Amino acid sequence: MLRGGPLSYHHYPIFPAAPSAPRFFISSGHGFSSLDPLGAFDVALANAKIANYNLVKISSILPMGASRQDKIDAPLGSPIWTAYATVASNSPGAILATAVAVGLPKDLYSIGVIMETSATMDQAQKIITSNRFDLDYRARELASALEAKIKQMTESAMHLRDIPLKEVIVSSTFATVPEKLDNPPHVSLISAVCIW
């Protein structure tokens, strides 16, 4: 016959840890690779500081109470919820741009929205108005036009949900595929909002 009191683990009930408030990181990056599109995309992820995580694509809602961070502080390799826009090309002279925006609510107990968009040179003709042919100038103009467009999209999405808007945070990037090269590099862009 065994004697003694109850086992020690019965004395201490286990309660789940309180969930921490969600956090988000907004970033953009572009990459070039002479090898393949995936290499360029990996460089773009590294430039956006999100390459060491498993990005899980989500739709465009920011959780209640989410706070902005200047980097992802989750363990490396973690799955990270991500809303993103991406575009890639290796066509000489192509103009590329991506942008994301976060609409933050005035009330911390309300959700926010995330919008994402991308454009290429063909779409750029409909967005930009400059007659200049300088590719870098036109790429900057395209990125600026996308930022204005995505800000309007975000404001509209918050209005649709009847959520008072505190501010819109935007991140964008642009690049061009070099002309006059026998073997132009692959170029990839990403703009992302990561939530954990």
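A few points about this structure:
- Members of region 74-93 found to be under 16 Å from the mean Cα position of the chain (by Cα) and without any contact (Cβ under 8 Å) to a residue 40 or more places away in the chain, listed by number: P79
- Residue within region 107-119 that is farther than 16 Å from I190 by Cβ and surrounded by 21 or more Cβ atoms within 10 Å (Cβ to Cβ) present: yes
- Matching residues in region 42-63 - criterion: being free of Cβ contacts under 8 Å to residues at least 12 places away in the same chain and touching a helix residue (DSSP H, G or I) at 6+ places or on another chain (Cβ under 9 Å): A51
- Criterion violated by L181 - all others in (1) at pLDDT 85 or above; (2) touching a Pro at 6+ places or on another chain (Cβ under 9 Å) satisfied: (1)
- Residue ID - modelled with the highest pLDDT, chosen from residues in region 1-60 that are polar (S, T, N, Q) and exposed (fewer than 14 other Cβ atoms within 10 Å of the Cβ): N54
Residues checked against (1) among the acidic types (D, E); (2) free of Cβ contacts under 8 Å to residues at least 24 places away in the same chain; (3) surrounded by fewer than 16 Cβ atoms within 10 Å (Cβ to Cβ); (4) within 19 Å of S34 (Cβ to Cβ):
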| position | (1), (2), (3), (4) |
| --- | --- |
| M153 | no, no, no, no |
| K166 | no, no, yes, no |
| F174 | no, no, no, no |
| E179 | yes, no, yes, yes |
| D182 | yes, yes, yes, yes |
| S188 | no, no, no, yes |
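- V56 part of a helix (DSSP H, G or I), among the β-branched types (V, I, T) and on the phi < 0 side of the Ramachandran plot: no
A quick yes/no check of all residues on (1) over 21 Å from Q69 (Cα atoms); (2) in contact with a helix residue (DSSP H, G or I) (Cβ under 9 Å, 6 or more places away or on another chain); (3) in a helix (DSSP H, G or I):
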{"site": "A143", "(1), (2), (3)": "yes, no, yes"}
{"site": "L146", "(1), (2), (3)": "yes, yes, yes"}
{"site": "P184", "(1), (2), (3)": "yes, no, no"}
{"site": "L189", "(1), (2), (3)": "yes, yes, no"}
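- A66 being surrounded by 14 or more Cβ atoms within 10 Å (Cβ to Cβ) and in contact with a Pro (Cβ under 8 Å, 6 or more places away or on another chain): yes
The values are calculated or read from the model by the stated rules, or taken from the named source; none is laboratory data. From a predicted model like this one, the values you see are computed outputs, not experimental measurements. All Cβ positions, even for glycine, are placed from backbone atoms using ideal geometry, and neighbour counts span all protein chains on display.
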